[in-house]
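Student: Below are the structure tokens for one structure; questions will follow.
The values are calculated or read from the model by the stated rules, or taken from the named source; none is laboratory data. From a predicted model like this one, the values you see are computed outputs, not experimental measurements. Cβ atoms come from the backbone with ideal geometry, glycine included; neighbour counts cover every protein chain shown. We work out accessible area using only protein heavy atoms, side chains counted, and drop any ligands, DNA or RNA first. Shrake-Rupley method; radii C 1.70, N 1.55, O 1.52, S 1.80 Å.
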Amino acid sequence: MSTLREQMRNKKRIVVKIGSSSLTHRETGDMDYIRMERLVRELSDIRNQGKEVILVTSGAIAAGKNAVNLKDVRVDSQAESLAVKQACSAVGQARLMMIYQRLFAEYNQVAAQILMTKNTIVDNLNRYNAHNTFSELLRMGAIPIVNENDTIATYEIEFGDNDTLSAVVAALVEADLLILLSDIDGLYTDDPRKNPDAEFISQVDELTDDLMDMGKGSTGSSVGTGGMNTKLIAARIATKSNVDMVIANSQDIGILHRILDGRQEGTLFVAKADENFDLPGFVSNLHKS
């Protein structure tokens, strides 16, 4: 186990995902600028080590709601609810990127925005172009900032959560490592917030059906959309695409450096490449089960 952890030091292309609950204040739902600044500083320093970094970030809808002073969405129909969320995303995505652009500029880094839907991966030409765009941005030394295109995404073409999106991005760019920053330390045998006897799992060598079943029924915070189930789906995508994945607690953003220094932080899902894994097919079938 220690040697696998030590290999984290050699990872060159790293995708980091952070969720809405890690970017906002729990009491108000407003953006946590101190947390965002620490995240940007960590990523900039990792970039300065000669590594390539991609950030998958949530927070657009939350930022939009804050901007238009909309705390609770009260609508009469699902269509109205979707329209409100998409309108908030349209406002919030621009604000979110403005914050990131300013923060990264302070550390002399260039940030780039990429918005994706399922069609980006399912359509062969879109996937090819997305891969080339990521590759060129990384070659230029930029830090791509990725989010789902919530403004146009509907149920049929949405990923639905950024855990899944980040794993798809990691697979697309052939990353070495995916780090999911969450509000939990990693994978447990049960929900530690409900069961004090739940045991922490530091390493997963194989994603068995029993493990996948453990995540079902778990939900994220009231702010985010992903629970442990989405993280295990992300782990399946990543590991089958030959990408190691770590779930870690975002409470201390400095955990990123400790993970890349080979320390025992979070839960490590060991890559196990599957030559028969069909990424576009898998993405196409999301939400259909």
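Student: So how long is each side of segment 107-202 along the principal axes, counting just the alpha-carbon atoms, biggest first, in Å?
Tutor: Cα extents, longest axis first: 48, 37, 22 Å.
Student: Separate question: Once R0 is set to 25 Å, what does the formula 1/(1 + (r/R0)^6) return for the Cβ-Cβ distance between Thr3 and Ala273, expressed as a FRET efficiency to the nearest 0.05? Could you put the intermediate results ahead of the total?
Tutor: Working: r = 18 Å, r/R0 = 0.74.
The value I calculate is 0.85.
Student: Return an integer: the convex hull volume of the alpha-carbon atoms of segment 3-110, in Å³ per residue. Intermediate values should be presented prior to the final figure.
Tutor: On the way: hull volume 13.7 nm³, N = 108.
So the per-residue hull volume is 127 Å³.
Student: Can you tell me which of 196-202, 167-173 comes out highest on packing, and rank the rest after it, using the mean Cβ neighbours within 10 Å?
Tutor: Working: 196-202: 11.6, 167-173: 26.4.
In decreasing order of mean packing, 196-202, 167-173 become 167-173, 196-202.
Student: Using Cα positions and a limit of under 18 Å, work out the aspartates and glutamates in reach of Lys51, with same-chain residues fewer than 8 apart set aside.
Tutor: Here the aspartates and glutamates satisfying the reach criterion relative to Lys51 are Glu6, Glu42, Glu136, Glu174, Asp176, Asp244, Asp261.
Student: Over 31 Å between Cα atoms: which of Lys17/Lys272; Lys11/Lys85; Lys11/Lys118; Lys118/Lys272; Lys11/Lys231 fall into that group? Don't skip to the end; give the middle numbers.
Tutor: Details: Lys17/Lys272 21 Å; Lys11/Lys85 37 Å; Lys11/Lys118 27 Å; Lys118/Lys272 24 Å; Lys11/Lys231 21 Å.
Too far apart for the 31 Å limit: Lys11/Lys85.
Student: While we're here: What FRET efficiency comes out for the pair Arg26/Phe200, r = Cβ-Cβ distance, R0 = 22 Å, nearest 0.05?
Tutor: Numbers: r = 23 Å, r/R0 = 1.05.
The computed FRET efficiency comes out at 0.40.
Student: Now, a different point. Sequence neighbours fewer than 8 away in the same chain don't count; with that in mind, list the aspartates and glutamates whose C-alpha is under 15 Å from Lys194.
Tutor: Lys194 reaches Asp183, Asp185.
Student: Show me the helices of the chain, taken as full DSSP H stretches, that run 27 Å or more along their long axis by Cα and average -1.0 or above in Kyte-Doolittle hydropathy. Don't jump to the answer; show the numbers that get you there.
Tutor: Values: long enough: 78-106 (41 Å, 0.24).
Helices meeting the span and hydropathy rule in the chain are 78-106.
Student: Using the crude model of +1 on Lys and Arg Cβ and -1 on Asp and Glu Cβ, and no other charge, please compute the dipole size for the chain relative to its Cα centre, in debye to 20. Before the final figure, lay out each step's value.
Tutor: Numbers: 31 positive and 40 negative charges, 164 e Å.
In total the dipole reaches around 780 debye.
Student: On a C-alpha basis, how far is the centre of segment 127-204 from the centre of segment 229-289 in Å? Whole number, if you could?
Tutor: 7 Å
Student: Also, I was wondering about something else. For Arg102, Arg47, what's the largest-to-smallest order of accessible area, 1.4 Å probe?
Tutor: On the way: Arg102 155, Arg47 50 Å².
Ranking Arg102, Arg47 by accessible area, largest first, yields Arg102, Arg47.
Student: Taking the solvent-accessible surface of protein heavy atoms with a 1.4 Å probe, what is the per residue accessible area of the chain in Å²?
Tutor: Numbers: 13880 Å² over 289 residues.
For the chain, the per-residue accessible area is 48 Å².
Student: In the set [x] 57, 44, 40; [y] 65, 45, 41; [z] 51, 43, 41, which value of Cα extents along the principal axes in Å was calculated from the structure you see?
Tutor: Correct label is [z].
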